[in-house]
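The values are calculated or read from the model by the stated rules, or taken from the named source; none is laboratory data. The model shown is predicted, which means the values in this text are computed figures rather than measured ones. Heads up, the Cβs are rebuilt from the backbone with ideal geometry, glycines too, and the neighbour counts pull from every protein chain shown.
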Amino acid sequence: VGQPFNLLRGTGFLRDDNGNVVIDPGTGSALETPDLVTLGNPNPKFTTSVFNTFNYKNFTFGFDIEYRHGGDIYSQWTTTMMARGVTADTDFDRRISYIIDGVYPNGDPNRTILTATSYHFDHYLTPEGGIFDGTTIRLNNVSLSYRVPSKVLENTPLGSLSFTAFGNNLWFK
């Protein structure tokens, strides 16, 4: 009640009063919240689209671009791929060790060293690590048409004839 519709909920990183991630001193892994917490709001701040058509002689060019600003998404597939280091976003050196930025339960800074694999699995395979910004821009479709001149069709049963080439879902970022 009083919250936006369809909030994303799950376990998050346990944090201290200062917002620092709390680390298990024995494993060096981030601790998770014991209860479900709100991880994100999937509702975008706004969406907009541009549809346009240009005509020149017998040619028509049209396109549709869509933009979504904000909103959170959860992606298990993305988190699994990022945890394994097989996406362009995770261009990290697998030969060196890492320390998760956080504090032990007593407030001391984390000093536990993890392998690259442990570091990324701990971060991305916690539900909070799978929340991403839902801002997108996409080129939904493009079309190019040619209308055969009516003079060419005078001695045919056709009243009009046009040819159209189109593509859908051509680009996404």
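Note on segment 106-159: among residues that are aromatic (F, W, Y) and more than 22 Å from L8 (Cβ to Cβ), the one that is modelled with the lowest pLDDT is Y119.
Considering segment 1-45 alone, what residues qualify as being acidic (D, E) and within 24 Å of the chain's Cα centre (by Cα)? Show your work before the answer.
We begin by selecting, within segment 1-45, every residue acidic (D, E); these are 16-17, 24, 32, 35.
E32, the sole residue that qualifies.
In segment 1-35, which residues are of a type in the set (G, A, S) and either out of contact with any Gly (no Cβ under 8 Å at 6 or more places or on another chain) or at positive phi (or both)? If you could, list the steps in order and put the result at the bottom.
Looking only at segment 1-35, we keep the residues that are of a type in the set (G, A, S), and these are 2, 10, 12, 19, 26, 28-30.
Hits for segment 1-35 are G2, G10, G12, G19, G26, G28, S29.
Against the numbered list (1) closer than 25 Å to G10 by Cα; (2) in contact (Cβ under 8 Å) with a residue 12 or more places away in the chain, G62 comes up short only at (1).
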